[in-house]
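The values are calculated or read from the model by the stated rules, or taken from the named source; none is laboratory data. Every value quoted in this text rests on a predicted model; they were computed, and no experiment measured them. Here Cβ is always computed from backbone atoms with ideal geometry, including for glycine, and neighbour counts include all displayed protein chains.
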Amino acid sequence: MEGKVWKFGNDIDTDVILPGRYLIYNDEENLSKHCMEGLDEDFDKKAQKGDIIVGGTNFGCGSSREHAPMAIKGLGISAVVAESFARIFYRNACNIGVPLVEAPGISKKVSEGEKINIDLEKGIIKIASGEEIEFKKLPPFMLNILNNGGLIPWIKNNPDL
Amino acid sequence: MSMTMSEKILARASGKDKVEAGEIVMANINIAMVHDLTGPLAVKGFKEIGTEKVWDKEKIVVPFDHQVPADSIDSANNHILMRKFVKEQNITNFYDVNQGVCHQVLPELGHVRPGEVIVGADSHTCTYGALGTFATGIGSTDMAMVFATGKLWFKVPETIRYEINGDLKENTSAKDVILNIIGTVGADGSTYKACEFVGQTISDFDMSDRMVLSNMAIEMGGKVGLCEADKKTDEYLKGRTDKPYKGFISDKDANYETIEFDVSDLEPQLACPHNVDNVKPVSEVSKPVDQVFLGSCTNGRIEDMRDAAKILKGNKVADGTRMLVIPASKEVYSKCLDEGLIKIFVDAGALVTNPCCGPCLGGHVGLIGPDEVSLSTSNRNFKGRQGSPEGEVYLSSAKVAAASAIKGEISLPE
């Protein structure tokens, strides 16, 4: 996948990704209108389908609200790359089929607006300068969930649980 | 065969003799909790899976607390959806708008027992670790799987033991201890780790104090925040549950990291905007406050109400400052009434509301506007957490909150 980068800092919490007052919505379309509203009110208008979010450390910390990765998915963001992720967000994103890439050092190497290319199978990010950054692929168990399209399709494909 | 407390609980829950950190296990869940805001998505996911009946109608607990009573047609609709699901599935443990905050209600009403595994679609589910329960927050899709199967996969976490010793000074409390720990290790200082709180200070703490620590384990990234079950745990559980339980403790030679804290000289602490790990001693901060919020799953218990009432008695909330008091549950509210605390709050000029999450998550009552400052006894001060992203949220203990309400600025209790 290839997309334009939107950069965010460290400790991006789920309250700025999707403020609490919008938790009344349960669909990606309504949630996506408020994606990143805590930091940029117009993010939903600026972001294009296929764009990639690049964050610092501890991306997605805070609440367990699945509404946060749903808002990101609803905007059509193709992947979130960060130095590191908070635990619940990491699971939630994987469960709804949003690819997350943990790539320490990434935020110093890419600039906002540049195009990067992510190869999930090979575990490589190619940045605008041509440099290739290797990242640790998802653990096989989680990759399997993601390849099934998320947790619910995975459950349906594993009826013997 | 040495194991940590988490490894022992997860081994038992997954039917194994031994598990170790890093391993992925499929664990049987003892209790699953969803509330009015995360429930609807879990129900949606459950319906997508297509299983007709939930795995166990007695093991699902549904409290309404985030938007109670409903403050909009959308939240009323979420309530209607959840009531319908509860009825359809014949779910035994349903608490409508009058019971209180989930993390207070579940332990109070006997749904939390040592040695068990609890998942909740709320990140502060780690609160139940205070009773020696492996309890963690999950998302709604994970919860849909639990509803359908009664199981969930876990990566067995590594353990950090926070060993805390020393007697607290009079105006210092459990909240100051946990803010100090988070300020020291950082917002990602325990990411994916099981945090254990041990040591003399913790043994001396009552259940309310232990819940404050466990509640905020997530604020340093922790998966669970565990205290060892002991006599105080048994006393707390007496009359609340009649089901047998067995607590676990980590073996001395198990694999864990230890971080020591001496809290004898600890001063009251404050988390400053906009991160919970931006912690300073209260004495170093001077700031007028527009709103003081006493309540939440962190500090809305009877002990917090007593701490605040002791300071507020005979005093007035400062002009230009408003104070919101929200007892965390019906039980806490009722005790406040019995002890005359509500009268003290009302006489001081505070506003007392029904048990609910209140302004903690910025989605219901008591939101702050641009450039307003909130001092809150809750657990998060992220940008926009309590309303406007241009507002500021500080976090403190109930004692500091009460003293600050009287002065109209962030102040130490005298």
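Side notes on the structure shown:
- Just one of the numbered conditions (1) in contact with a Gly (Cβ under 9 Å, 6 or more places away or on another chain); (2) without any contact (Cβ under 8 Å) to a residue 12 or more places away in the chain; (3) not acidic (Asp, Glu) is not true of A:Pro159: (1).
- Among the criteria (1) within 27 Å of B:Leu375 (Cα to Cα); (2) within 14 Å of chain A (Cβ to nearest Cβ), the one B:Arg210 does not fulfil is (2).
- Total residues in segment B:115-134 satisfying the condition of being under 11 Å from the mean Cα position of the chain (by Cα) and either closer than 20 Å to B:Thr241 by Cβ or more than 8 Å from chain A (Cβ to nearest Cβ) (or both): the figure is 7.
- From the options B:Ala42, B:Ala21, residue that is at pLDDT 95 or above and more than 11 Å from chain A (Cβ to nearest Cβ): B:Ala21
- Matching residues, segment A:134-152, being in a loop (DSSP other than H, G, I, E, B) and farther than 24 Å from B:Lys44 by Cβ: A:Phe135, A:Lys136, A:Lys137, A:Leu138, A:Pro139
- Pairs with Cβ under 6 Å, 6+ apart, first in segment A:78-102 and within 11 Å of chain B (Cβ to nearest Cβ), second of a type in the set (A, V, I, L, M) and not in a strand (DSSP E or B): A:Cys94/A:Met142; A:Cys94/A:Ile145; A:Cys94/A:Leu146; A:Asn95/A:Leu151
- Selection status of B:Leu81, away from chain A (no Cβ under 14 Å) and of a type in the set (A, V, I, L, M): no
- In the condition set (1) surrounded by fewer than 21 Cβ atoms within 10 Å (Cβ to Cβ); (2) of a type in the set (A, V, I, L, M, F, W, C); (3) more than 10 Å from chain A (Cβ to nearest Cβ), B:Trp153 is compliant with all but (3).
- The combined condition, being more than 22 Å from B:Met305 (Cα to Cα), within 12 Å of chain A (Cβ to nearest Cβ) and in contact with a Lys or Arg (Cβ under 6 Å, 6 or more places away or on another chain), is not fulfilled by B:Thr141.
- Here A:Lys49 meets each of (1) under 12 Å from the mean Cα position of the chain (by Cα); (2) in a loop (DSSP other than H, G, I, E, B) with one exception, condition (1).
Condition check ((1) outside any loop (DSSP other than H, G, I, E, B); (2) more than 21 Å from the chain's Cα centre (by Cα); (3) aromatic (Phe, Trp, Tyr)) across all residues:
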{"position": "B:Leu10", "(1), (2), (3)": "yes, yes, no"}
{"position": "B:Gly22", "(1), (2), (3)": "no, yes, no"}
{"position": "B:Ala42", "(1), (2), (3)": "yes, no, no"}
{"position": "B:Lys53", "(1), (2), (3)": "no, yes, no"}
{"position": "B:Val68", "(1), (2), (3)": "no, no, no"}
{"position": "B:Asp74", "(1), (2), (3)": "yes, yes, no"}
{"position": "B:His79", "(1), (2), (3)": "yes, yes, no"}
{"position": "B:Ile91", "(1), (2), (3)": "no, yes, no"}
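- Selection status of B:Val393, aliphatic (A, V, I, L, M) and surrounded by fewer than 24 Cβ atoms within 10 Å (Cβ to Cβ): no
- Every residue from segment B:24-39 that is within 9 Å of chain A (Cβ to nearest Cβ), in contact with a His (Cβ under 9 Å, 6 or more places away or on another chain) and either under 18 Å from B:Ala135 (Cα atoms) or of a type in the set (D, E, K, R) (or both): B:Thr38
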